[in-house]
Amino acid sequence: MYFIRRTPYLALLSLFFMVLLLSSCGSKRKVAHGGRGTGRPITEGRGTAVLTDASDARGKVLNASKMDNYASLLGVDVRDLDNKQLYHFIDDWMGCPHQLGGTQKSGVDCSAFVSILFQQVYRKDLPRTSRDMGEQVKRKYERELKEGDLIFFSFGGKTIDHVGVYLRNNKFVHVSTRKGVIISNIKDSWYYKYFVRGGSPKI
């Protein structure tokens with residue numbers, strides 16, 4: 001009887017923690033800056049490790065210079081990566097861990113990371129939450145997405161609860177709850193089935 005009574009409690013507790021993780025972009029803390037985080041590298045380059053969970057990057061060896069590594073991962077010529085400030089920013093934050101409501105390199109959530117990126121790279125201010133960001137974009141079809149556009153996901157239901165920044169060839173940078181700041185592929189099934197919209201900020 002003890003087991004029967006405890007089972008609903010454990011189920012509710014598990015549901016609570018799932019909602020907590022998926023609401024990581026809902027915090028309204030002010031953005032700040034802090035120290036360096038850590039992450040386990042999947043692919044290495046000279047300098048900061050490039051972290052990726054993209055299925056089409058499995059087995060790819062990234063052992064060249066920083067920009068060459070990003071070009072290889074994104075499937076473009078290094079000369080096409082003309083926004084070096086963007087990739088230096090990503091490289092500086094690569095692997096920083098996820099933290100609900102976090103705004104620093106010691107722990108950051110998805111919307112704070114995107115907000116800081118836009119402040120430092122594009123000199124633009126975005127709303128603090130992923131849901132509000134989603135209401136402030138000019139929507140695009142997937143084939144129209146360009147570097148610097150925002151892409152949104154709904155892992156928890158009908159409302160937007162995750163945001164990332166589109167790069168090239170379906171790759172985007174975001175904050176994974178398990179792996180921290182990482183580059184992923186929107187076409188991978190885990191992400192694609194939760195993808196809800198993309199577009200450029202109306203600012």
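The values are calculated or read from the model by the stated rules, or taken from the named source; none is laboratory data. What you are looking at is a predicted structure, and each value in this text was computed from that prediction instead of being measured. Glycine also receives a Cβ, built like all others from the backbone with ideal geometry; neighbour counts cover every protein chain displayed.
Go through (1) under 14 Å from the mean Cα position of the chain (by Cα); (2) closer than 15 Å to Ala112 by Cβ and name the single condition Pro127 misses.
With respect to (1) under 14 Å from the mean Cα position of the chain (by Cα); (2) closer than 15 Å to Ala112 by Cβ, Pro127 is out only on (1).
Which of the residues that make up the range 84-128 are in a loop (DSSP other than H, G, I, E, B), over 15 Å from Thr177 (Cα atoms) and touching a strand residue (DSSP E or B) at 6+ places or on another chain (Cβ under 8 Å)?
Lys124, Leu126
Tell me which residues, restricted to the range 103-145, are over 18 Å from Tyr191 (Cα atoms), among the basic types (Lys, Arg) and surrounded by fewer than 16 Cβ atoms within 10 Å (Cβ to Cβ).
Arg123, Lys124, Lys138, Arg139
Do you know which residues across the range 167-202 are touching a Lys or Arg at 6+ places or on another chain (Cβ under 7 Å) and either without any contact (Cβ under 8 Å) to a residue 60 or more places away in the chain or under 16 Å from Arg131 (Cα atoms) (or both)?
Selection gives Asn170, Arg197, Gly198, Gly199, Ser200, Pro201, Lys202.
Inside the range 50-74, can you point out the residues that are assigned to a loop (DSSP other than H, G, I, E, B) and either out of contact with any helix residue (DSSP H, G or I) (no Cβ under 8 Å at 6 or more places or on another chain) or at pLDDT below 90 (or both)?
Leu51, Asp53, Arg58, Gly59, Lys60, Val61, Leu62, Asn63, Ala64, Ser65
Can you report the number of residues in the range 150-196 which are surrounded by fewer than 20 Cβ atoms within 10 Å (Cβ to Cβ), on the phi > 0 side of the Ramachandran plot and in a strand (DSSP E or B)?
Of the residues in the range 150-196, 0 are surrounded by fewer than 20 Cβ atoms within 10 Å (Cβ to Cβ), on the phi > 0 side of the Ramachandran plot and in a strand (DSSP E or B).
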